Structures are given as structure tokens and as C-alpha cells.
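Visitor: Please find one structure pasted underneath; my questions will follow.
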Amino acid sequence: MNRSSRTAAAAVLTAAAILAGAWPAGGASAAGGAPAARDRVLWGEVTIPPGRDGVVEAAGLTGPALGAGSTLTLTAPAGARATGVPLDDPGYRGAVAADGRSAVYTAVSAERPWRAGTFPFVLAVPADAVPGTRLDGCALRLADAAGTVRAAGGCQVTVGLEEPALTRPESGVPLGARPVIAGTAHPGARITVSDKDGREVCAGTAGADGRWSCAPGSALPDGPNRLQATAALNGVSAPSEQIQITVGDAAPAR
């Protein structure tokens, strides 16, 4: 089946988590070594579908220089696991805890640690996670070589929605004006099918087995067209690939 590129890229699930803000002027910490409330300057967010990996990219750090041995640590949220530290930079060394609860970058030879580039952490969300759920407990902290936390904050991890699939109609086969449109999606997701101009063609809901179908209420115009399904559930959504169709006897667009 010939398919056009998605209007929104979803094949590679990466999302940026931006860490920004002023550093503590003197590095003062609360009792026990925890950063004071005013030191909370890191923040990030990422959306990852069930059973998938997503990349949180830490970037935009500012403030006084921290030298070799300083660390940037991510603590995975409840239910998720840290699975990778894919930074390709000899100035830093990455490691993932054996239990997947955390991952860390250590500055080893970077000229100005944490001032340039991005620092990606890979998180895996379990297949049974509920779309739209926010996973609690994601944390980021930056510490100097002595282990003193100089800045800390949270990152928001939301369970996304896997892309729906269009299984009917088939591309390249002339169709009637009201073809049955069908596919699969996350159970319970609301599906909206749109044409090449973004107009709604039909809508339905995925059943417990993930299958859905619908038919246009109004006749589709003759000639080439495109269809795309969008799934939505609990405040998150995802588009399918587009498929090329032809209604009537008109030749397909080239």
C-alpha cells in the first residue's frame, strides 16, 4: 500500500525537555544537602506512547561553571525506566543504573561543562500505561564534583497515544463515493478521519479489540484524495499515516 509522509512526524519519538533559569548565586542548600526552594530551576516535559521509548533532551543550562566531575542526573518517574544515555561527546560519560531508576552524565573533559549542547536521556514507558496519564517522580538534578546539588527540578512525563492505522480502503483501487473506512487504534480512542483539505470525512470509536470503522455521511468528490485518521483519548492524540485514494474512474494523482 502506497502511503504519503505523515503531516506530523511520529516515527521517531523524541521530545525536548528544556532546562532553564538562573542558578543559585552562592550554591546555598537546605539542610541535608537538598537545594533550597529558590534553587529549583530545571524543568522539562515529554510525551511517550505506551510500550515506546522517548528522549528527554536537557539543554539551555546557565550559571557559574562547574568543573570536571560534576554530574547531571535524571530519576525516572514511577512506572518508567531509564534505558539510555546516547550523548556522543567525549567530554561526558553517561551511565544507566542497573535497575533503570536513574541515569547520569558526568563531565570528564568538557571545557565548559553543561554550557553547550543537549543531554539526552532515554525513557521507556510500559505497554500497559494508560494514555493521558502523567507519571509522577521524574526529577533532574545538577551537582558539583563534591556531590552538592546546585540546581534541581522536575520533568513532566505524559503517556501518549500510539498512532492509529488505516487498513481500509486500499490505495490505488477506484472507490465509490461512500467507502467504508476502517483500521486499528488504542481501545476506546475516538477516531476522526479527514481528507486532503482537512475536512472531516467520518468518525468512530475503537472497540475493545482496537478495531474501528466508519463511512462518509456525504459523498466524497470524484478524483484523487488523501485520507488520514487521528486518534484521541484522555487529552492526547496521534495521527496515522496518510493513504492516497481515488474516487470514481479518475486516474490517481502522480
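The values are calculated or read from the model by the stated rules, or taken from the named source; none is laboratory data. What you are looking at is a predicted structure, and each value in this text was computed from that prediction instead of being measured. Positions of Cβ are generated from backbone atoms using ideal geometry, with glycine treated the same way; all protein chains shown enter the neighbour counts. The accessibility values were calculated without ligands, DNA or RNA, using every heavy atom of the protein model including side chains. Shrake-Rupley method; radii C 1.70, N 1.55, O 1.52, S 1.80 Å.
Visitor: Considering only segment 141-187, state which residues are touching a Lys or Arg at 6+ places or on another chain (Cβ under 7 Å), over 16 Å from residue 228 (Cα atoms) and among the polar types (S, T, N, Q).
Guide: Hits for segment 141-187 are 156, 158.
Visitor: A further question on this structure: Whether any residue in segment 188-198 is in a strand (DSSP E or B), in contact (Cβ under 8 Å) with a residue 40 or more places away in the chain and either out of contact with any strand residue (DSSP E or B) (no Cβ under 7 Å at 6 or more places or on another chain) or more than 30 Å from residue 126 (Cβ to Cβ) (or both) is what I want to check.
Guide: Looking for residues that are in a strand (DSSP E or B), in contact (Cβ under 8 Å) with a residue 40 or more places away in the chain and either out of contact with any strand residue (DSSP E or B) (no Cβ under 7 Å at 6 or more places or on another chain) or more than 30 Å from residue 126 (Cβ to Cβ) (or both), one finds none in segment 188-198, hence no.
Visitor: Take the conditions open to solvent by 50 Å² or more (accessible area, probe 1.4 Å), out of contact with any Asp or Glu (no Cβ under 6 Å at 6 or more places or on another chain) and more than 15 Å from residue 240 (Cβ to Cβ) and apply them to residue 126. Does it pass?
Guide: no
Visitor: Something else now. Here is a list: 95, 116, 110. Which entry is aliphatic (A, V, I, L, M) and part of a strand (DSSP E or B)?
Guide: 95
Visitor: State the number of residues belonging to segment 80-108 that are among the β-branched types (Val, Ile, Thr) and open to solvent by less than 30 Å² (accessible area, probe 1.4 Å).
Guide: Total satisfying the criteria: 1.
Visitor: Within segment 136-171, can you find the residues that are of a type outside the set (Gly, Ala, Ser) and either open to solvent by 30 Å² or more (accessible area, probe 1.4 Å) or without any contact (Cβ under 8 Å) to a residue 24 or more places away in the chain (or both)?
Guide: Within segment 136-171, 136, 141, 144, 148, 150, 156, 162, 163, 167, 168, 170 meet the criteria.
Visitor: A further question follows. For segment 190-231, what are the residues that are under 24 Å from the mean Cα position of the chain (by Cα) and more than 15 Å from residue 167 (Cβ to Cβ)?
Guide: Within segment 190-231, 190, 192, 194, 198, 205, 230 meet the criteria.
Visitor: Since residue 124 meets every condition but one in (1) under 30 Å from residue 248 (Cβ atoms); (2) in contact with a Gly (Cβ under 9 Å, 6 or more places away or on another chain); (3) aliphatic (A, V, I, L, M), which condition does it not meet?
Guide: Status for residue 124: all satisfied but (1).
Visitor: Output the residues belonging to segment 208-246 that are among the hydroxyl-bearing types (Ser, Thr, Tyr) and crowded, with 21+ Cβ neighbours inside 10 Å.
Guide: 230, 240
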